Amino acid sequence: MCRQDSRVRLSAEEEMEAEESLSIYCKPVELYNILQRRAIRNPSFLQRCLRYKIQAKHKRRIQMTISLSATVNEVLKSQNLSPICIFLARLVSNVEYLAVYRFSRGCVLDSSAGVEGSTQIQAHFILPEINKLAPEAKSGSLAILLVSWVGVEIPLGTNLSKGSLDPNLLPSAGGGYCFWGKIPLESLYMSWENSPNFSLGQRAEIMTTVNMNSCFSKLSCLNEDKCISVQLPCNPETVTTLQQVQVTISAEEMGAKEKSPYNSYICSDIPSSSLSHIIRLRAGNVIFNYRYYNNKLQRTEVTEDFSCPFCLVKCASFKGLRCHLSSSHDLFNFEFWVTEEYQAVNVSVKTDTWRSEAVADGVDPKQQTFSFCSKPLRRRRPKNLVQNAKHVHPLVLESELPSGVCELQDKADDAHSSKGDKAYFSGVSSATPQSYADPDCVQSISGSNLAPSTMLAFAKTRKLSIERSDPRNCALLRKRQFFHSHRAQPMALEQVLSERDSEDEVDDDVADFEDRRMLDDFVDVTKDEKLMMHMWNSFVRKQRVLADGHIPWACEAFSRLHGPDLVHNSALIKCWRLFMIKLWNHGLLDARTMNNCNVFLEQCQSQDLCPKS
Amino acid sequence: MSGKFTIGSEPVMGLPTPSKKRDYRVTNRLQEGKRPLYAVVFNFIDSRHFNVFATVGGNRVTVYQCLEGGVIAVLQSYVDEDDESFYTVTWACSIDGMPFVVAGGLNGILRVIDAGSEKIHKSFVGHGDSINEIRTQPLKPSLVVSASKDESVRIWNVHTGICILIFSGAGGHRNEVLSVDFHPSDIYRIASCGMDNTVKIWSMKEFWTYVEKSFTWTDLPSKFPTKYVQFPVFTASIHSNYVDCNRWLGDFILSKSVDNEIVLWEPKVKDQSPGEGSVDILQKYPVPDCDIWFIKFSCDFHYNAAAIGNREGKIFVWELQSSPPVLIARLTHAQSKSPIRQTAMSFDGSTILSCCEDGTIWRWDAVATS
């Protein structure tokens, strides 16, 4: 939707100029469309990233939050134990009493990691969607480990996911004593599956207690391989249970919610200066302001879903849009600004880059065809062309045809464009594809014929297809054999391209014949009456008298046309007069016209009686 | 049928006993492939080639010559590249007397083959469906008329390649047109018949100027003002089923349907009031076992006799210009069991050819009888 800034009032010609300067935004749209079509198969890097981002947003995941009471850590500290570290780990090997778990992310449940003021400390994990999780969970290899080391102080903010963990963290490379607890994911999964809350997309909470047992563990983080190995003491009796820790695990599915388009609904504080009516702002809406006519005027457009207005690609976020616009649409300057109410982009034209694409004055680069053949095409001479060679000239001179442009794409395949390996700008002329006989006309440019009806097409369809439809049709007309609709005889190319409408090829002779034949079927009508009817039918058909309002003219014209013949046949002229009366009865003929007709007939009659020399 | 006739006007039925006025003997038998042969036609256009005949079947057109002693010589053979199935063939000729073979079939395109130079001369496109019969105007051999499944009849000028007239429309056939024939003396008149059980008589008089114009047309053929004739002069409903062959016998018409007989009748046409007219059925020639459609009969040059095959492979030769009808001969052969699609009688009727569903051509020659 494009809204015109209504503050400035312009005169008619200023309007024209303004339109023209606005059209500068239209021209590149064609190119972007082509690029975009290509990018469908082979997106640029930025596009791909943004696409992944959008996809990821829509991916369903489970967010699992594990929380403990903050007091737990106090207790641990008092016992010279580090705060609890939580790992989401996978059992790699379980040999004898040595279990090795691999993890990719671990969390230190420090009081500072939790939300201020809350009594709980939390760790967040992202799990794949419930169905994807199922096989993993059922295999029994995933578990949540809670570990608290003896005599180790883990400073705040330690990121246990980092590749290289500070070896100083753990006093001995061989590991240390710790207390650990395990929550197998299997049980969590089962409870989630059965939880009515969870399946409805809401939060499911589980409270469980974990026994922290003593053991010897080693934490090793080499490159990507982060393992924690737990050695269980051989003697079960030596296991001391530290305590039981109360753990709350809550899980929620996210990303699957149908994002209501009215997510962030702002009802108040709409700046009335820029929006005259309430627009429900959605999260992805971006306002684009186009400056034109020497930056005097501005036109506004709003796109949704962070889409680019030129190439319609969805950028996942405002930042994505920013990157995309700067990289892909180099012709324009962009200013980005975000306020509380809306996100906007001001677009203006980069004057210096536009100049560099030197185009001659008066020549619309859009209208020029540019063809390049790298290898010489074999000249395919279709039979028609040879026959029509003598017709090329008339077509050349008829450069008034609006359909003067050939499609860029068609050029390469066109059998007519076998000009060998040349790259050339051919002027706008329908003679170009048929210029076997006359190569001189290639250079003629009749661009002025194509009045720039460049509307802001991208407000509607984004493709300037309306402008292109004529040349496209012309190219299509050449592609196959056409036949006359009634006779099924093949049509010559020039007949196809001529302005004459051959839709319903009414044959006058045949129609006359049929008419007479059908009238002959009447048995209660005299010969003269039949003739009268036939003359009138024929006249009406040839002159295309269709509406009631045509009748007065038709009567006069008929009288003038057939007058001399009518006066020779008194019965016929009687019929005609009777017919006129009938028309007058029906209100189709006015008295004055009837009078005119009769006066003319009288003149004919008097001329007939005494012909002037 | 008999209840309709007034006393004295019942059609005369022919007797199926052969009179043996003339007897025929098989003198040759050719197997032309395995596909059915749908047409066989002697060249009556050119007196130099009266013993030359053409057959069509599948995508092939073959030209033969009948020689003494029952010999058949193959002269030429033409094959259509496309998937074509020819149904009909006729002989025509160019302005300068070159013999043309005009064939048409499934694809709806008339192929005019110059038999003199053995090349294709023209192809006529225009029919919307397959072509069932093509006949030549003996008075003006450059004109051919074609009857098509698209319910129309078209007149073409083989010399200039123009489609001159189209006979179809509001008064035209309502189903496939199976057969068409030119009147032997009235150059404006043609008769067509088809699957709508009618025989229609058309007149070209109104547009004769266009026919003449077609000979001197120098512009593109597709620019020619082809005219439509929508209303026939007369429509006759004689048969109660498909009428698959009709021929003029002077001012009378011989037509047959699938009810085992050929009917000779007179159309009484009122030229001034078209559509009005009556039919007078004169004679009937019974042909047993002739109840499948697309079996055509043929006559000799002077229309003394007509030969027709049936689906059992037998040929019946009727004398045409006698009343009551006389069966000249009944030709049977133990090995001729396949339906005979068309027969061809030579100029004087001494040779009869038949082409069959199994691709065979049988040649019968007259033997002197006592």
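Quick look at the numbers
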| item | result |
| --- | --- |
| Residue in region A:489-497 that is more than 23 Å from B:Leu220 (Cβ to Cβ) and either away from chain B (no Cβ under 14 Å) or at pLDDT 50 or above (or both) present | no |
| Residue identified as surrounded by 17 or more Cβ atoms within 10 Å (Cβ to Cβ), aromatic (Phe, Trp, Tyr) and within 14 Å of chain B (Cβ to nearest Cβ) among A:Phe522, A:Phe513 | A:Phe513 |
| Residues within region B:110-151 that are within 14 Å of chain A (Cβ to nearest Cβ), of a type in the set (A, V, I, L, M, F, W, C) and under 23 Å from B:Trp208 (Cβ atoms), tallied | 2 |
| Failed criterion for B:Ile295 (all others in (1) over 15 Å from the mean Cα position of the chain (by Cα); (2) aliphatic (A, V, I, L, M); (3) closer than 22 Å to B:Tyr38 by Cα hold) | (1) |
| Entirely in region B:172-277, the strands (runs of 3 or more DSSP E) that have 3 or more residues that are surrounded by 15 or more Cβ atoms within 10 Å (Cβ to Cβ) and within 14 Å of chain A (Cβ to nearest Cβ) | B:227-229 |
| Given (1) modelled with pLDDT of 80 or more; (2) under 30 Å from A:Tyr189 (Cβ atoms), number of the condition A:Glu15 does not satisfy | (2) |
| Qualifying positions in region B:132-141 - in contact with a strand residue (DSSP E or B) (Cβ under 6 Å, 6 or more places away or on another chain) and of a type outside the set (A, V, I, L, M, F, W, C) | B:Asn132, B:Glu133, B:Arg135, B:Thr136, B:Gln137, B:Pro141 |
| Filtered residue count, region B:228-269, keeping only those that are touching a Cys at 6+ places or on another chain (Cβ under 7 Å) and of a type in the set (A, V, I, L, M, F, W, C) | 1 |
| Selection count where residues are modelled with pLDDT under 70 and among the basic types (Lys, Arg), scope region A:63-108 | 1 |
| In region B:329-351, residue surrounded by the fewest Cβ atoms within 10 Å (Cβ to Cβ) [restricted to those that are outside any loop (DSSP other than H, G, I, E, B) and more than 15 Å from the chain's Cα centre (by Cα)] | B:Arg330 |
| Neighbours by Cβ (under 6 Å, 6+ apart or cross-chain): first from region B:214-234, under 16 Å from A:Asp508 (Cβ atoms); second among the basic types (Lys, Arg) | B:Thr226/A:Arg487 |
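This table checks each residue for (1) charged (D, E, K, R); (2) surrounded by fewer than 16 Cβ atoms within 10 Å (Cβ to Cβ).
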{"position": "A:Val302", "(1), (2)": "no, no"}
{"position": "A:Lys314", "(1), (2)": "yes, no"}
{"position": "A:Lys319", "(1), (2)": "yes, yes"}
{"position": "A:Glu335", "(1), (2)": "yes, yes"}
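The values are calculated or read from the model by the stated rules, or taken from the named source; none is laboratory data. Since this is a predicted model, take the numbers as computed values, not measurements. Positions of Cβ are generated from backbone atoms using ideal geometry, with glycine treated the same way; all protein chains shown enter the neighbour counts.
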